[in-house]
Number of protein chains: 2
Amino acid sequence: MFQFANVSKKTLLSNSAFAARRMLTAQAVVFTEHGEPKDVLSTQTYTIDENNLAATEVVVRTLGAPVNPSDINQIQGVYPSQPEKTTALGTSAPSAVAGNEGLFEVLHVGKDVTGFAPGDWAVPTSVNMGTWRTHALWDEEQIMKVPNPAQSQERGKTPLTIAQGATLSVNPLTAYLMLTNYVKLRPGKDWFIQNGGNSAVGKFASQMAKLLGFNSLSVIRDRPNLEEVATELREKYGATKVITEEQNSSREFSAEVKSWLKETGGEIRLAMNCVGGKSSTAVARKLSPNGIMLTYGGMSYQPVILPTSLHIFKNITSAGFWVTQLLKGNPELKRDTMDRVIAWYEAGELVDSPSIEKKYEGDLAETFKRAVADSKDGKQIVTF
Amino acid sequence: MFQFANVSKKTLLSNSAFAARRMLTAQAVVFTEHGEPKDVLSTQTYTIDENNLAATEVVVRTLGAPVNPSDINQIQGVYPSQPEKTTALGTSAPSAVAGNEGLFEVLHVGKDVTGFAPGDWAVPTSVNMGTWRTHALWDEEQIMKVPNPAQSQERGKTPLTIAQGATLSVNPLTAYLMLTNYVKLRPGKDWFIQNGGNSAVGKFASQMAKLLGFNSLSVIRDRPNLEEVATELREKYGATKVITEEQNSSREFSAEVKSWLKETGGEIRLAMNCVGGKSSTAVARKLSPNGIMLTYGGMSYQPVILPTSLHIFKNITSAGFWVTQLLKGNPELKRDTMDRVIAWYEAGELVDSPSIEKKYEGDLAETFKRAVADSKDGKQIVTF
């Protein structure tokens, strides 16, 4: 709250009117204490002085910001990567802006900004920047360019949707980097196996594997419409084979899997685990000697369980994957990986997982709270 | 069984007398079927023609051969590394000679053998050569030289004991390679943690760590004479700190461990697991970010259990260690590692774990069966 002492009412009004021209009123969803999003999130209004940008600053407006499980965990305080809490936005207690992923449009640029022009699209360079807001004032190094629809069309390409741009940084990068950064799969021959085959990352991984010439074995839970889901995973999301957790755990069924490997003359050299428990044991058992299992989630809330003999006699390695940590301090890898994903989107070769757009209406924090509550129905993206 | 048709009794006797001079009668412990050693092991007598060695062949006599748990598992058929079964020793059904480790003295060498002279000591280059025997005829490439007592004394060094030579290839190499081949511990600062701190490998690992300047945290099971065992591990076997499984699993006690790390300014970057189950979870939790756990045994018969968060957020890697596989096709690494261990033994800086020598008496297979049965009392070494 600014104090205007010794200023006549007329001057104040006149100053205010002037300020309205150059001060952008922005809103952000902030939390000062950790807890359930419905309890701790609130809307903070603040202003961005568009006419006094530092030389390398940019002003952006938000096009879309998703609700990721890790965003919720961060607000709850159970996620190891946390934004710094400050009073920069004028909150009485130090607060942080929620959200880690989003798509932004550049509105204004400082005089020395060379990488961006108004109208460009961008995503955050790193995490913990607070994407659940209407606008932001950032340094140009804090964002990375993504082609806007006009730029894609100019090159005769299919534009990215807002949903694709807003969810570019986490799931597709996770899938691509797990698939390419650890084991050299031989195109046309080798396989990877994944539980969570019907998850967002799982669908990206099977599609990308197909684009790269690798075979995929996607494990999903049994369900009433199993054949329908399996068909979609094979036909729309590129999975080579889809099996159930029960089949994956069955010794008899492993003969069937071996016959598939024989057909391609390849091996299962990589496993992606986002479930844990006996599912992780079963996918690890499918690996060829010297294979590696990457764990990037634990949906069953069970630990990774690995028989000693797999470690000793098959030399199976179990490692973790966290896109946040891998890309921290490695913007080149992020840039290269994003460009690969963007090229596939622009060529119409990659399908993003379904998401539900929730238009920002009324109060910003309330909009995001509704999106958090509705996350059980599918990935929520708040659009502006 | 040879047939001597059309030979007079006199000629046969004369030939036999001649053969006695140049044919060495050897015995080996063989198995044709897998099963419990007491049921499937038998003694096979065969001859080695010492006067007709091929150019690069050597004849050796056995000085000592230990009973390792993996030898027993191999006989039982539950070990993935298996010797080829042949009728070379004259068994009616194809058989294999038991045993994988041993110390041998060279008796005779072929005319082109340059690496060995009679009287030299040697150990097998690889596994599955069948060490439970009185003598062997091998190619010189199948054995590696070890200094005999005279050779050590000539250099003013302490000779290796037969027990040290006979157990050189598995436990000390396992300890040294786990300690040095995966993580670069910083001398004077860093730590490794191990369960099975009172095992043979554990005692080698803590001693070698001390010799290399690393700190060790040895976890052992609670027992009535805990303080006595802990004192011996610290004072005789070089352990920096010894704690119980209960302390290792206790959250309160981890503050104590952290204070030890603080004193040295180091981290626990390496874990060695030969237990599995919750013990493996507890040692993995002690690792610093990016640490690695090597599993080389599973004494609890429980799998390795790793919380998902250790993989994802601390980037802990869980891998296997099997000295057999690591050294397969890498005799240089075996030679270098053995030389390092031999130098420590000769300098009197390394103590081998206690073992019980069992003299070959009566039938060879029966001697080894008694050694297998007595393995519960401690490591058995059959001497000749």
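The values are calculated or read from the model by the stated rules, or taken from the named source; none is laboratory data. Fair warning: this is a prediction, and the values are worked out from it, not measured in the lab. Glycine also receives a Cβ, built like all others from the backbone with ideal geometry; neighbour counts cover every protein chain displayed. For accessibility, only protein heavy atoms count, side chains too; no ligands or nucleic acids. Shrake-Rupley method; radii C 1.70, N 1.55, O 1.52, S 1.80 Å.
So the values come out like this:
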read-out	value
Residue in region A:281-302 that is most open to solvent (accessible area, probe 1.4 Å), counting only those that are within 23 Å of the chain's Cα centre (by Cα) and closer than 21 Å to A:LEU326 by Cβ	A:MET299
Identity of the residue in region B:308-325, facing chain A (nearest Cβ under 7 Å) and part of a helix (DSSP H, G or I), that ends up nearest to B:ALA271 (Cα to Cα)	B:HIS311
Residue match in region B:143-150 (condition: assigned to a helix (DSSP H, G or I), free of Cβ contacts under 8 Å to residues at least 60 places away in the same chain and open to solvent by less than 50 Å² (accessible area, probe 1.4 Å))	yes
Unique match (being open to solvent by 50 Å² or more (accessible area, probe 1.4 Å), away from every other protein chain (no Cβ under 14 Å) and not in a loop (DSSP other than H, G, I, E, B)) among B:ASP336, B:ASP374	B:ASP336
Only listed residue being over 29 Å from A:SER300 (Cβ atoms) and touching a strand residue (DSSP E or B) at 6+ places or on another chain (Cβ under 6 Å), chosen from B:LYS359, B:LYS328	B:LYS359
Qualifying residues in region B:345-369 (those that are part of a helix (DSSP H, G or I) and crowded, with 17+ Cβ neighbours inside 10 Å) - the one nearest to the other protein chains (Cβ to nearest Cβ)	B:PHE368
Selected residue [modelled with pLDDT of 95 or more, crowded, with 24+ Cβ neighbours inside 10 Å, over 21 Å from the mean Cα position of the chain (by Cα) and of a type in the set (A, V, I, L, M)] from B:VAL219, B:VAL229	B:VAL219
Residue among A:ILE342, A:ILE305 that alone is part of a helix (DSSP H, G or I) and either open to solvent by 20 Å² or more (accessible area, probe 1.4 Å) or more than 14 Å from chain B (Cβ to nearest Cβ) (or both)	A:ILE342
Lone qualifier among A:TRP138, A:TRP132 - being touching a helix residue (DSSP H, G or I) at 6+ places or on another chain (Cβ under 6 Å), at pLDDT 95 or above and among the aromatic types (Phe, Trp, Tyr)	A:TRP132
Candidates A:GLY188, A:GLY238 - the one that is over 22 Å from the mean Cα position of the chain (by Cα) and either basic (Lys, Arg) or surrounded by fewer than 24 Cβ atoms within 10 Å (Cβ to Cβ) (or both)	A:GLY188
Strands (runs of 3 or more DSSP E) wholly inside region A:231-302 containing at least 1 residues that are in contact with a Cys (Cβ under 8 Å, 6 or more places away or on another chain)	A:292-295
Identity of the residue in region B:48-60, under 18 Å from B:LEU89 (Cα atoms) and surrounded by 17 or more Cβ atoms within 10 Å (Cβ to Cβ), that ends up farthest from the chain's Cα centre (by Cα)	B:LEU53
